[in-house]
Amino acid sequence: MTAPLTIRTGRVGSRIAGVGSYVPHRVVSNEEMCTMIDSSDEWIQQRTGIVERRWASDDEPLTYMVAQASRMAIEHAKVSTDDIDAVIVATVTHLKATPALAPILAAELGLKDPAAYDISAACAGFCYALAQADSLIRTGNATTVLIVGAERLSDLTDKTDRSTAFLFADGAGAAVVVGSDTPGVGPVVWGSDGTQANVITQTEDFRDAVPTATMPTVYMDGKPVFRWATTFIADAAKDILAQTGLDPEQLDVFIPHQANNRITDSMLRHLKLPEHIVVARTIKSFGNTSAASVPMAMVELLKSGEATSGQTALIIGFGAGLVYAGQVVVLP
Ligand SMILES: CC(C)(COP(=O)(O)OP(=O)(O)OC[C@H]1O[C@@H](n2cnc3c(N)ncnc32)[C@H](O)[C@@H]1OP(=O)(O)O)[C@@H](O)C(=O)NCCC(=O)NCCS
């Protein structure tokens, strides 16, 4: 007879203990954008809510941005780096298939032998990473997890493509997730629809691009994405509340992926969120930073005092794949 395996058991729940972000220095205004594409400040603001975005410079590589955001999150969480036993980086712009960015980040932070891996879930990446961190902690496979969403989308954007150039931007956001007897991370609602993989995609595979030595940029068919986000994703957001056992009135903050203010407005109508709820609108100054958008927005809301520790926030990410994920969290 096969000997029974010993398994671990973990904590009842997890919570976000601290968050951090890195905002690249270079501000790119809509006016500057319009020197690259045939557009106008008015059109970009009306259609997306974006006024300016940040593009990282050569001295702000992804490795630097993730480390800076992580240091801030670790300090905020007041945990020892010795306690971090897993690191998950969500990104689609680490331009090496291997090694992953997570072990490089762990070494940069001086962490001791943590599990470390990257995940590719585009703009849903942070919420995917949070779901994994929560599961690792509740199964006892980790105790303290550093999760990061970070992008240098400017590397993969065709600056002359008027359907994407003004949207995508750079930045990093991080969170430290720890065990908690009172759950501070609700059940994830997540999924994917690979039949729509072609609506946000790179123009070609890296292998095909090598002979021409040009970087394959991100192509996007915005309309089906917009439709999907304002219907299916809005329903998923409702489902998150239902599965967490909360009414919209019990929510304090809504942090949707910062893709477009019109998508956020449509979700608000669909969810029938009460007036008092604070809504993240960092797209105005940061553009769409994909996996980094939710944690960057969380940091900004906490920094400005619009949101405070202990409040309940609905977070949801969605993007290329198409993939999505979201949950209710208690703010650190
Ligand atoms: C990209 C997006 C802002 C485009 O807005 P839209 O309203 O769908 O724009 P359309 O492509 O229908 O174009 C409308 C008009 O604006 C024009 N236009 C397109 N891009 C333009 C630009 N950058 N500047 C000025 N005009 C532009 C089009 O030519 C079209 O003109 P026409 O009506 O004379 O033919 C919108 O589709 C969107 O936000 N989609 C979701 C994308 C998203 O969130 N992706 C990330 C998910 S992670």
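The values are calculated or read from the model by the stated rules, or taken from the named source; none is laboratory data. In this text the structure is predicted, and so the values were computed from the model without any measurement. Cβ sites come from the backbone with ideal geometry, for glycine too, and all protein chains shown count toward neighbours. Accessible surface areas use protein heavy atoms only, side chains included; no ligands, DNA or RNA. Shrake-Rupley method; radii C 1.70, N 1.55, O 1.52, S 1.80 Å.
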Which numbered condition Ala150 misses (of (1) buried (at least 18 other Cβ atoms within 10 Å of the Cβ); (2) on the phi > 0 side of the Ramachandran plot) | (2)
Of all residues in the range 266-288 being in a loop (DSSP other than H, G, I, E, B) and surrounded by 14 or more Cβ atoms within 10 Å (Cβ to Cβ), which is modelled with the lowest pLDDT?
-> Leu273
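To keep it simple, each residue is scored yes or no on (1) more than 16 Å from the ligand (Cβ to nearest atom); (2) within 28 Å of Val188 (Cβ to Cβ); (3) among the aromatic types (Phe, Trp, Tyr).
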site	(1), (2), (3)
Pro4	yes, no, no
Thr9	yes, yes, no
Gly18	yes, yes, no
Trp55	yes, no, yes
Tell me, please, whether a residue that is within 20 Å of the chain's Cα centre (by Cα) and of a type in the set (Gly, Ala, Ser) can be found in the range 220-228.
-> yes
Reported set for the range 29-58 where residues are touching a strand residue (DSSP E or B) at 6+ places or on another chain (Cβ under 7 Å) and buried (at least 21 other Cβ atoms within 10 Å of the Cβ) is Arg53, Arg54, Trp55, Ala56
Residues satisfying the stated conditions in the range 89-127, i.e. within 16 Å of the ligand (Cβ to nearest atom) and open to solvent by 40 Å² or more (accessible area, probe 1.4 Å) = Val92, Ser120
Of all residues in the range 226-236 being near the ligand (Cβ under 10 Å from one of its atoms) and closer than 16 Å to Ala325 by Cβ, the one that is most open to solvent (accessible area, probe 1.4 Å) = Trp228
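Which one is farthest from the ligand (Cβ to nearest atom), of the residues in the range 59-88 that are among the β-branched types (Val, Ile, Thr) and open to solvent by less than 40 Å² (accessible area, probe 1.4 Å)? I'd like the intermediate steps shown before the answer.
First, the residues of the range 59-88 that are among the β-branched types (Val, Ile, Thr): 63, 66, 74, 79, 81, 84, 87-88.
Applying the additional criterion that residues be open to solvent by less than 40 Å² (accessible area, probe 1.4 Å) yields 66, 74, 79, 84, 87-88.
Working: Val66: 20, Ile74: 28, Val79: 31, Ile84: 29, Val87: 24, Ile88: 20 Å.
It comes out as Val79.
Working only within the range 247-265, note down all residues that are more than 16 Å from the ligand (Cβ to nearest atom) and either within 18 Å of Glu306 (Cα to Cα) or open to solvent by less than 40 Å² (accessible area, probe 1.4 Å) (or both).
First, pick out the residues of the range 247-265 that are more than 16 Å from the ligand (Cβ to nearest atom): 247-254.
Passing the criteria: Pro248, Glu249, Gln250, Leu251, Asp252, Val253, Phe254.
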